[in-house]
Amino acid sequence: MKRNSGILADRAIHELFDTGRLITEQALDGDQIQPASLDLRLGSKALRVRASFMPGPNSTVEDKLKRLTLHEIDLENGAVLETGCVYIVPLMESLDLAADLSASTNPKSSTGRLDIFTRVMVDYAQEFDKIPAGYTGQLYLEISPRTFPIIVRRGSRLSQIRFRIGHALLTDTQLLDLHASETLVASETPNVSGGGIALSIDLKGTGPDGLVGYRGKHHTAVIDVDRKGVHDVLDFWEPLYSRGRDELILDPDEFYILVSREAVHVPPLYAAEMTPYDPLVGEFRVHYAGFFDPGFGHAPAGGSGSRAVLEVRSHEVPYILEHGQIIGRLVYEHMQEHPQGLYGTGLGSNYQAQGLKLSKHFRLS
Ligand SMILES: Nc1ccn([C@H]2C[C@H](O)[C@@H](COP(=O)(O)OP(=O)(O)OP(=O)(O)O)O2)c(=O)n1
């Protein structure tokens, strides 16, 4: 059964491609379509710009690039993108959306876990990562590696797009009902407000010393975003242990990988997104949030006990995080229909049933 509103599932994304609503420079990769999203691929050049920018209502991205480009980098054979610099890369995919179809974009989880800041922009945009209904034109990705320099190439996939018809977010009451039947977040007293269900931080950790997370090192070697399991964890990350203290002092502007206390569950007819929890004073936040696929943490798809990985930064002042502190909220949306594939089942998914997990690029020494 198909709903009138909702997030497009894999089958409908294939249809967008077949009907010319999704246009690509070359055929789609076999695994590019996920249960509720499409991975976006880098095109053949990156433009180093002086600063990030918003196209605004009177300008295309190309108009602004003419003014702001410092130099052009060829990505055909791979190139290094340096920390602290801003690059704009035209993507291989472009759109000719129907009037009732909008989209939103997000860094892939692997991209967030590497602290690579990315967002998609489109012509005449006044917001990043939001693509208005009916948009026709090119997509561009802004990339700014924050902690590690990276190697990317034509075809690398750093971000993903979801397509949406109408409004399909669950209300607080609907979330509570769904939680009662499906246990969305493994917590006895779910904290639901503002359309989201709270996730809190685990600072007790695992193992004898209580491994709670990792802090990114500085001045490291380069990470190849297209290679799995090749980089040594300790060359890039400093492990953090609770040693019975259940708290962690965040240093300003350092990057941390932590994990949620609760297991998370996204039933097949839903897609979820993490929104950063804003403590109003703004000292710390989950930096990359991200999409959660239908089937993530779903027992029949091998996902029991999957935690959410949290990429955290503190700003301005050192900040003490305590075990169980709220750090993000999951909002749930209806899928328009049941996806053909679910996260974790035969899709080569990297993070099903994960605990505290660094990105797929690392191997333990
Ligand atoms: N802050 C976040 C965001 C996402 N996820 C989980 C839920 C997602 O369903 C899963 C995979 O997310 P992506 O598809 O964005 O990640 P990748 O494409 O990098 O991984 P995969 O290759 O497994 O699809 O990671 C997480 O634990 N913490």
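The values are calculated or read from the model by the stated rules, or taken from the named source; none is laboratory data. Because the structure is predicted, anything quoted here is derived from the model rather than measured. Note that each Cβ is placed from the backbone with ideal geometry, even for glycine, and that neighbours are counted across all protein chains shown.
Residue check, His361 against (1) within 11 Å of the ligand (Cβ to nearest atom); (2) out of contact with any His (no Cβ under 6 Å at 6 or more places or on another chain); (3) modelled with pLDDT of 85 or more, all met but one. Which one?
The failed condition is (2).
Please find, within segment 261-294, the residue that is modelled with the lowest pLDDT out of those that are of a type outside the set (A, V, I, L, M) and near the ligand (Cβ under 8 Å from one of its atoms).
Looking at the filtered set, the residue picked out is Tyr288.
Considering each of Ala36, Ala9 in turn, give the residue that is crowded, with 20+ Cβ neighbours inside 10 Å and under 20 Å from Thr111 (Cα atoms).
Result: Ala36 is the single residue among Ala36, Ala9 that is crowded, with 20+ Cβ neighbours inside 10 Å and under 20 Å from Thr111 (Cα atoms).
Out of (1) among the polar types (S, T, N, Q); (2) touching a Phe, Trp or Tyr at 6+ places or on another chain (Cβ under 8 Å); (3) within 7 Å of the ligand (Cβ to nearest atom), the odd one out for Asn350 is which?
Of the numbered conditions (1) among the polar types (S, T, N, Q); (2) touching a Phe, Trp or Tyr at 6+ places or on another chain (Cβ under 8 Å); (3) within 7 Å of the ligand (Cβ to nearest atom), the odd one out for Asn350 is (2).
Which one of these is touching a strand residue (DSSP E or B) at 6+ places or on another chain (Cβ under 8 Å) and within 23 Å of Val120 (Cα to Cα): Phe292, Phe284?
Answer to the check: Phe292.
Touching a strand residue (DSSP E or B) at 6+ places or on another chain (Cβ under 9 Å) and over 30 Å from Glu76 (Cα atoms), is that true of Asp202?
Spelling it out, Asp202 is indeed touching a strand residue (DSSP E or B) at 6+ places or on another chain (Cβ under 9 Å) and over 30 Å from Glu76 (Cα atoms).
Would you point out which residue out of Ala46, Ala51, Ala79 is on the phi < 0 side of the Ramachandran plot, more than 16 Å from the ligand (Cβ to nearest atom) and exposed (fewer than 15 other Cβ atoms within 10 Å of the Cβ)?
Ala51
Of the residues that make up segment 177-186, is at least one surrounded by 20 or more Cβ atoms within 10 Å (Cβ to Cβ) and not assigned by TED's automatic domain parsing to the domain that holds Glu62?
yes
How about segment 14-83: which strands (runs of 3 or more DSSP E) wholly inside it have at least 1 residues that are in contact with an Asp or Glu (Cβ under 6 Å, 6 or more places away or on another chain)?
Qualifying strands (runs of 3 or more DSSP E): 22-24, 38-41, 45-49.
Out of Val317, Val259, Val266, Val312, I need the residue that is in contact with a Pro (Cβ under 8 Å, 6 or more places away or on another chain) and either surrounded by 19 or more Cβ atoms within 10 Å (Cβ to Cβ) or free of Cβ contacts under 8 Å to residues at least 40 places away in the same chain (or both). Which one?
Every option except Val266 fails the conditions.
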